[in-house]
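**Student:** Structure incoming, see below.
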Amino acid sequence: MERTLIILKPSAVQRALVGKVIDRFQQKGLTIAGIKMMKLDEKILREHYAHLVDRPFFPSLVESMTATPVIVMCLEGRDVVEVVRAMTGATNSRKAVPGTIRGDFGMSGQENIVHASDSPENAIIEINRFFRPEEIFDYKPITFTSIYAPDDLA
Ligand code: UDP
Ligand code: MG
C-alpha cells in the first residue's frame, strides 16, 4: 500500500490544530503507519526543501519550521499521496479551497499548517529522511474491509 510523509508544521503546533488535522486523515480512512514529534534543524530542512534553498524566503522558512517541534507522520492508503495533497490544498492558504486543511485553517503562504509529499517517489525519500525503518509499522486496521472494496485494491 502506498505511503506518504506529512509534517504538522509549527503553525499547526502553535495553534493547537494537531488533533483536528490528524482527525481529518483518520476520518478519511487513512492508516497511521508512523508518528512522532521531533525538532527540525537547518541541515534537514536544506535537504527537505532543496528546491527552495536559493529563494529569498528560505531563511524565513527555516525560522518558521524550527520555531517549535513538529509532528511527522507516515500515512498509508490507496493513492495516498494524491489523496493527501488534495486534502492539503494549495500552498498559499488564502488561495486554498475551503474544505482543504490549508483552506480551512490558514491565512498564509508560509504558515500553511501541513507538509505533504508531492509524488510517490518523493514520499519514499521523505519517509526515509524522517523515520527509521523500525518506526514504521505494518498492520491492517479491523475497519479495512469497510474502507476498501476488493476493486479499490485491484
Ligand atoms: N513557501 C513559502 N513561500 C513561497 C513558496 C513556499 O513560504 O512562495 C513555503 C511554504 O511553507 C510551503 C513550503 O515553502 O509549504 C514548500 O514549498 P512548496 O512549493 O514545496 O509547496 P507545498 O508542496 O508545501 O505546497
Ligand atoms: Mg512541496
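**Student:** Would you mind telling me which numbered condition in (1) more than 15 Å from the chain's Cα centre (by Cα); (2) open to solvent by 30 Å² or more (accessible area, probe 1.4 Å); (3) in contact (Cβ under 8 Å) with a residue 24 or more places away in the chain residue 50 fails?
**Tutor:** (3)
**Student:** Which condition does residue 145 not pass, out of (1) within 14 Å of ligand 2 (Cβ to nearest atom); (2) open to solvent by 70 Å² or more (accessible area, probe 1.4 Å), if it passes all the others?
**Tutor:** (1)
**Student:** Here is a follow-up. Residue by residue through the range 67-113, note down the ones that are in contact (Cβ under 8 Å) with a residue 40 or more places away in the chain, under 27 Å from residue 141 (Cα atoms), of a type outside the set (Val, Ile, Thr) and not in a helix (DSSP H, G or I).
**Tutor:** Result: 73, 74, 75, 76, 77, 78, 79.
**Student:** With more than 13 Å from ligand 1 (Cβ to nearest atom) and either touching a Cys at 6+ places or on another chain (Cβ under 6 Å) or open to solvent by 50 Å² or more (accessible area, probe 1.4 Å) (or both) as the only criterion, which of 95, 43 stands out?
**Tutor:** 43
The values are calculated or read from the model by the stated rules, or taken from the named source; none is laboratory data. Quick caveat: nothing in here was measured; it's all calculated off a predicted structure. No Cβ is skipped: glycine too gets one built from the backbone with ideal geometry, and neighbour counts run over all protein chains shown. Note: areas computed on protein heavy atoms with side chains; ligands, DNA, RNA excluded. Shrake-Rupley method; radii C 1.70, N 1.55, O 1.52, S 1.80 Å.
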